[in-house]
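Just below is one structure, and these are the notes that go with it.
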Amino acid sequence: MKKLIISIFAPFIAILPVSAAHAASQVQLSSDVFVERTKQKPDGTVTTILEEPKLVTPGDNLVFVVKFKNAGVKPAEKFVVTNPLPKAVAFNGTADGLETVSIDGGKSWGFLSNLRVEDAEGKSRPALMADVTHIRWNLNQPLPAGSGGKLIFRGIVR
C-alpha cells in the first residue's frame, strides 16, 4: 500500500474580496488538517478521533478546518474563502453544505448537483465529488470586528 507524507496535503487558502477590498486585509485565516481514525477503548467501545497526520495512506479520511477571524476594527463584509484541493485528495463534503465548488481548476463555480463533466469521448455526465478541484464559501453576512468562525471540509486520500 502506498504511503504519503502529509505535507503534500497542506491546504492553500485564499481570500477573494467580493466587493470591499479592505475585507480581505481584515480577515485572518489559518488552517489545520487531521486524519480521522477509529480506536478501540479499553472497555471495548470504538471511538473516532482526529490526529495530526504524520503519514497517510490511500483511503484515509481527512478533515480540513479553515478558521477565519476579523482582525479589523470594522465589520468585514462579503468576503469569499476559496480552497483548492490537493490532487492527492478527493473531496468528501463539508460540514455546512453552503459551499460552491469548481471542477475545472477554479474557472467556473456552482453547486455540485448542477455541474457536469465531459469525458474523453465528449459525453456529458453529472459531476462527482471526486471531480471537485476547489471549494468556495461566499460569506455574505457581515463579520463583526473580533469575531470569527470555522469552515470544515472532508477529503479522502486517493
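Gain on full extension, evaluated as 0.36 nm per residue between THR57 and ARG37 minus their Cα-Cα distance, stands at 6.0 nm. Each label point was placed 7 Å from the Cα along the Cα-to-Cβ direction; for LYS67 and SER108 their separation is 3.8 nm.
With Cβ to Cβ distances under 13 Å as the rule, what net charge do the other residues near ASN61 carry (K, R +1; D, E -1)? Value of the local net charge: 0.
Between VAL117 and LYS74, the simple label model (points 7 Å from Cα in the Cβ direction) yields a spacing of 4.3 nm. Mind scanning LYS74/LYS150; LYS67/LYS87; LYS54/LYS107; LYS41/LYS150; LYS41/LYS67 and naming the pairs with a C-alpha gap bigger than 24 Å? Correct reply: LYS54/LYS107; LYS41/LYS150; LYS41/LYS67.
Among residues other than PRO126 with Cβ under 13 Å from its Cβ, the summed charge is 0 (Lys and Arg +1, Asp and Glu -1). When the stretch 4-157 is described by a simple charge dipole with +1 on each Lys and Arg Cβ and -1 on each Asp and Glu Cβ, the residue from VAL80, ILE103, PHE64 located farthest towards its positive end is VAL80. First select every other residue whose beta carbon is under 13 angstrom from the beta carbon of VAL81; then total the charges, Lys and Arg +1, Asp and Glu -1. Taking every Cβ under 13 Å from that of VAL81, the sum is +3.
Quick note: the coordinates plus some simple rules give every number you see, no bench work behind them. Treat the numbers as computed from the prediction; the structure is a model and nothing was measured. Note that each Cβ is placed from the backbone with ideal geometry, even for glycine, and that neighbours are counted across all protein chains shown.
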